[in-house]
Amino acid sequence: MKLQTTNGSAIEMSDSVFACEYNEGLVHQVVTAYMAAGRQGSKAQKTRAEVRGGGKKPWKQKGTGQARAGTTRGPIWRGGGVTFAAQPRCFAQKINKKVYRKGLKIILSELVRQDRFMVTNTIDLPAPKTSALVNYLKGLDLSQVLIVTASENRDLFLASRNLHHVAVCDYKQIDPVSLLSFQKVLFTVEALQKVEGDLA
């Protein structure tokens, strides 16, 4: 398939990457797994065995008129342990590499079908300034956009840092959530070729 770049030239794109049939279930699985893997999972509470102290019996077993107690660190005591204490856990879901790559290809194909995918030859800014990037994006009629480059571009990163609706990453850092979160995705030709090489 062919797609016209922002510079007016046509570029050939691989059908195996950018013309995949939509599969809602697979996309949902990939997005869910990616988001689950990003969860911190560090919540932790102490059980009665982990709370410090409580080794001494608070009062004798009989004769006080109070209920018998062997420790002050039981769950019903102030300062005691938690009955079903939360423990650190991993939320990551196992997903095969082929399934993940297939999910990315389906998302990219859907972006092309929805006219949310754009390609440019190069992104040349006169200076690493936010105003320069804003003017460049205005020329392309873009507001909320993910810019994907072939390698880390420090000048482009510095120019986009203060724009909350613009993000910059290299082709190795693209993920399902970022691709779906922006109104448009702008690839450089070199980044496009490298993504095709990785996913084909």
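The values are calculated or read from the model by the stated rules, or taken from the named source; none is laboratory data. Because the structure is a prediction, the values reported are computed rather than measured. Glycine also receives a Cβ, built like all others from the backbone with ideal geometry; neighbour counts cover every protein chain displayed.
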Would a scan of segment 51-64 turn up a residue that is under 29 Å from the mean Cα position of the chain (by Cα) and either without any contact (Cβ under 8 Å) to a residue 40 or more places away in the chain or loosely packed, with under 14 Cβ neighbours inside 10 Å (or both)?
-> no
Select from segment 6-27 the residues that are in contact (Cβ under 8 Å) with a residue 60 or more places away in the chain and among the small types (Gly, Ala, Ser) and list them in ascending order.
-> Ser9, Ser14, Ser16, Ala19
Among the candidates Ala167, Ala150, Ala191, which residue alone is more than 21 Å from Gly8 (Cα to Cα), touching a residue at least 12 places away in the same chain (Cβ under 8 Å) and not β-branched (Val, Ile, Thr)?
-> Ala167
Complete set of residues in segment 16-63 that are of a type in the set (Val, Ile, Thr) and within 30 Å of Gly79 (Cα to Cα) = Thr47, Val51
Is segment 156-172 home to any residue that is under 28 Å from Ser16 (Cα atoms) and either in a helix (DSSP H, G or I) or not assigned by TED's automatic domain parsing to the domain that holds Arg101 (or both)?
-> yes
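Yes/no per residue for (1) buried (at least 17 other Cβ atoms within 10 Å of the Cβ); (2) in contact with a Pro (Cβ under 6 Å, 6 or more places away or on another chain); (3) modelled with pLDDT of 95 or more:
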| site | (1), (2), (3) |
| --- | --- |
| Phe84 | no, no, yes |
| Leu104 | yes, no, yes |
| Asp115 | no, no, no |
| Asn135 | no, no, no |
| Leu140 | no, no, no |
Hits in segment 67-82 (condition: out of contact with any Pro (no Cβ under 7 Å at 6 or more places or on another chain) and either surrounded by 10 or more Cβ atoms within 10 Å (Cβ to Cβ) or of a type in the set (Gly, Ala, Ser) (or both)) | Ala67, Arg68, Gly70, Thr71, Arg73, Gly74, Pro75, Trp77, Gly79, Gly80
Restricting the search to segment 11-40, which residues are assigned to a loop (DSSP other than H, G, I, E, B) and exposed (fewer than 13 other Cβ atoms within 10 Å of the Cβ)?
-> Glu21, Tyr22, Gly38, Arg39, Gln40
